[in-house]
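Below: the structure, in structure tokens.
Just so you know, all these numbers are worked out from the coordinates, no wet-lab data involved. Computed from a predicted structure; not experimentally measured. Methodologically, a virtual Cβ is constructed for each residue, glycine included, from the backbone with ideal geometry; neighbour enumeration extends over all protein chains shown.
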Amino acid sequence: MGDDLLLSVQDLRTWFHTDEGVVKAVDGVSFDLRRGETLALVGESGSGKTVTSLSLLNLVPPPGRIAGGRVRYRGQDLLRLPGPALRAVRGDRIAMVFQDPLTSLNPFLRISTQMVEALALHRGLGRRAARARAVEMLEQAGIAAADRRIDQYPHQFSGGMRQRVMIAMALSCDPEILIADEPTSALDVTIQAQILELIQDLTRRTGTAVILITHSLGVVAGVCDTLCVMYAGRIVERGPTAQVFAQPMHPYTRGLIGSVPRLDRPGPGRLVPIPGQPPVLADLPDGCPFHPRCPSAMDVCRRRYPGAAAAGGGQEAHCWLHLEAP
Amino acid sequence: MTPLLDVKGLQMHFPVGGRWLRGPRTWIRAVDGIDFHLRRGETLGLVGESGCGKSSAARAVAQLYRPTGGQVLLLGQDLTRLDGKDLMAARQHMQMVFQDPYASLDPRLTAFELIAEPLRIHRARGLLKLARPDLARRVDQLLDQVGLARSFRNRYPHQFSGGQRQRIGIARALALSPELVLCDEPVSALDVSIQAQILNLFKDLQEAFGLAYLFIAHDLAVVRYIATRVAVMYLGTLVEVADAAELYRNPQHPYTQALLSAAPIPDPQVEKSRSRILLAGDVPAPDQERPGCPFYDRCWRRMDACLAHPPRLQDTVPGHQVACFLHHPPD
């Protein structure tokens, strides 16, 4: 591993203790993030992508608990960092943007109050300097008349504008990592295009690495270097985006790509959906959790979860099709 | 031949404010005079961004909202002039599938009761003759048609996944053997792997029963897959209508062009070589009458002429209509 390794997640497990039993929302997730890289966690609802991102900064809500694993960042394990040390990283070195900016902004406070607070806390800036920096960030995020609008309340902004505010706020302390959880899923396509362009533009300028959580393969194809596909709490395939799209190894990845209708291709070629229903996390089958829906399922798939099988170029998948059966 | 559905000058304005001491009443012009028709067995995709009025249009067509203007002719009968039992009788031919399969099914009814409900209601009003054993047989038949096991008939909505719930919603809509189904974002709450299953189900049902769909969606790729013709809506008006193949190959309105260029394509090779038309700003609020083109504020090809009066939807080539002065200079 080179010096540019920024964050290393190893065997992360986050479990929820519910009345129905233990729900393993994240069950053995590992990935590396390099400086300036944009990495996507892709999956359908319940695949564990959001819980993974919350676990990185120890933000899992109860009854969820981190049951094991490591998140190595700058020689320390974020999962074992005491409160004050973790808070110094959170929001400063590693910042987050959520899907719904309305619930993550305080509706009672002006934008200026919320932005100045973060800058004063993490950067130790005085009020005036912090405000100047906040206005500068809002301007970079494409908010016109930022000097006036910074004194408005969140409800006075449209959905797209609120997401710009969130991005400006997240990037105001020059983080090394930006975690963006479905940042454009609540937005219309024309606004989505603006926001993705903005994230790419700002992070490229500062060399910030991005972990993008999304269910949209289209968004991934446009902006991400590396792709991790999640299913039932695990990363089932990962690799360079172009390579994974061109030659998916895992039947689930192949199924996802085949399920999405294409804007640039004429009908009426038929979509090939993945059969069956999404997995129920509290009641996963033995072996590979995808086997009940898998067109290539073999006997071994029902018994044991496969290890990683590597192709060249950093691509790997957890699938018995690419492994010697035990 | 008269079309199955002919919508003329449809207007759906909602009043806001205007109560005692609350200032003057204003109107949200959700749908502001649109015309379209639907032939038997075809799918008209209605696309646009949130707030453009596409759902209001569908609800006004279904008479769930009573339109504030215009006509909705279903099989030649103007629904806006009908009430009560007459409306119910006419509306049998037109059913609706909603976006959220969680919110649109009564949690206290079983799958059987949910699917039987429209049959029972129409039987009780004397609009349908159906003996008790026939009703059970019809529900089983509908379960088969939408791909749900008959053994599921006594389960409640919470025992189904999102995709299965949407199948129940579709079975309910098909119960009265309609000729037209209004689908309001029927797959947008579903995961992609399930979305493809439901889209294929819509196609199969159309083929089997000759159904016509008014298919509302914000996802342009989904619409391309399902629709034979496409209408693009912006701020309460239609800006472009064309055959699906023609619209995607040759979009004419600057808004359609921007919309198509903004939608991501799940292919890194293709994405690398695409250029985007980035629109400035957001969709304005539909609460005031605008003298000119509704798209003027965000248009990347606007001219002075666009401010004077709104462009009308007119043919450029037969079957391809555009409302834009770039294609029809004002007189």
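In square nanometres, what is the average projected area of the Cα convex hull of segment B:207-316? Kindly include the intermediate steps, with their values, before the conclusion.
On the way: hull surface 36.0 nm².
Taking the Cα atoms of segment B:207-316, their convex hull projects to 9.0 nm² on average.
Find the eigenvalues of the gyration tensor of the Cα atoms of segment A:95-234, then list the square roots of 5 times those eigenvalues as equivalent ellipsoid semi-axes, largest first, in whole angstrom. Please list the in-between numbers first.
Values: eigenvalues 135, 53, 37 Å².
Taking √(5λ) for each Cα gyration eigenvalue gives 26, 16, 14 Å.
From the alpha carbon gyration tensor of segment A:1-108, can you work out the equivalent ellipsoid semi-axes (sqrt of 5 times each eigenvalue) and give them in Å, largest to smallest?
Details: eigenvalues 95, 71, 47 Å².
Equivalent ellipsoid of segment A:1-108: 22, 19, 15 Å, largest first.
For A:320, B:300, B:27, what ranking results if the residue with the fewest other Cβ atoms within 10 Å of its Cβ goes first? Walk me through the intermediate numbers first.
Numbers: A:320 24, B:300 13, B:27 17.
Ascending number of Cβ neighbours within 10 Å: B:300, B:27, A:320.
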Quiz prompt | Peptide B:184-196 - average C-beta neighbours from other chains (10 Å radius) | solution = 5
Practice problem: Find how many whole Å separate the alpha carbon centroid of segment A:13-32 from the alpha carbon centroid of segment A:291-316. | Solution: 20
Quiz item: Between residue A:100 and residue B:138, what is the label-to-label distance in nm when each label sits 7 Å out along the Cα-to-Cβ direction?
Solution: 3.9
Quiz item: At what distance in nm do the modelled label points of residue B:273 and residue B:209 sit from each other, each positioned 7 Å from its Cα along Cα→Cβ?
Solution: 4.3
Self-check item: Segment residue A:305-residue A:18, extension gain: residue separation times 0.36 nm, minus the distance between their alpha carbons
Solution: 100.9 nm
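What is the extension gain from residue A:225 to residue A:85, computed as 0.36 nm multiplied by their sequence separation minus the C-alpha to C-alpha distance, in nm to one decimal?
Details: separation 140, 0.36 × 140 = 50.40 nm, distance 3.05 nm.
Extra length available between residue A:225 and residue A:85 comes to 47.4 nm.
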Self-check item: For the protein assembly as shown, size of Cβ-based charge dipole, Lys and Arg +1, Asp and Glu -1, in debye
Solution: 1100
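In what sequence, highest mean first, do A:21-30, B:141-150, B:311-320 appear when ranked by Cβ atoms within 10 angstrom?
On the way: A:21-30: 19.8, B:141-150: 16.5, B:311-320: 14.4.
Averaged packing, sorted descending, gives the order A:21-30, B:141-150, B:311-320.
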Quiz item: What's the FRET efficiency of residue B:8 with residue A:11 using the Cβ-Cβ distance as r and R₀ = 60 Å, to the nearest 0.05?
Solution: 0.40
Quiz item: Near residue B:8, which lysines are there with a Cα under 17 Å away, not counting those fewer than 8 places off in the same chain?
Solution: B:54
Quiz item: From the Cα gyration tensor of the protein assembly as shown, with a ≥ b ≥ c the square roots of its eigenvalues, which class applies: rounded if a/c is under 1.5, or else prolate if a/b is larger than b/c, or else oblate?
Solution: oblate
Quiz prompt | Ranked A:220, B:31, criterion: other C-beta atoms within 10 Å, fewest first | solution = A:220, B:31
Exercise. Give, rounded to the nearest 20 debye, the magnitude of the charge dipole that segment A:1-52 has about its Cα centre when Lys and Arg contribute +1 at Cβ and Asp and Glu contribute -1 at Cβ.
Key: 60
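Could you quote the convex hull projected area for segment B:40-155, Cα atoms only and averaged over all directions, in nm²?
Values: hull surface 37.2 nm².
One quarter of the hull surface, i.e. the mean projection, equals 9.3 nm².
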Self-check item: Rough spin-label spacing in nm, given labels placed 7 Å along Cα→Cβ, for residue B:303 and residue A:120
Solution: 5.5
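Among A:111-121, A:60-70, what's the highest-first ranking by average C-beta atoms within 10 angstrom per residue?
Values: A:111-121: 19.0, A:60-70: 14.5.
Answer by packing, highest mean first, reads A:111-121, A:60-70.
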Self-check item: Potential lengthening between residue B:37 and residue B:245 on full extension [0.36 nm per residue; Cα-Cα distance subtracted]
Solution: 73.1 nm
Exercise. With 10 Å bins from zero, work out the P(r) of segment A:82-155 over every alpha carbon pair and list the percent per bin.
Key: 18, 48, 31, 3, 0
Quiz item: What's the center-to-center distance, using Cα atoms, between segment B:148-173 and segment A:50-80 in Å?
Solution: 38
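Does segment B:93-135 come out rounded, prolate or oblate by the C-alpha gyration tensor, with a ≥ b ≥ c the root eigenvalues, rounded set by a/c under 1.5 and, if not, prolate when a/b is larger than b/c and oblate if not?
On the way: a/c = 2.82, a/b = 1.60, b/c = 1.76.
Cα axes put segment B:93-135 in the oblate bin.
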Practice problem: Could you give me the radius of gyration and the Dmax of chain B, taking only the C-alpha atoms into account and expressing both in angstrom? | Solution: 21.1, 68
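For chain A, divide the Cα radius of gyration by the Kirkwood radius and give the resulting Rg/Rh value with two decimals.
Values: Rg = 20.7 Å, Rh = 21.0 Å.
Here the Rg-to-Rh quotient is 0.99.
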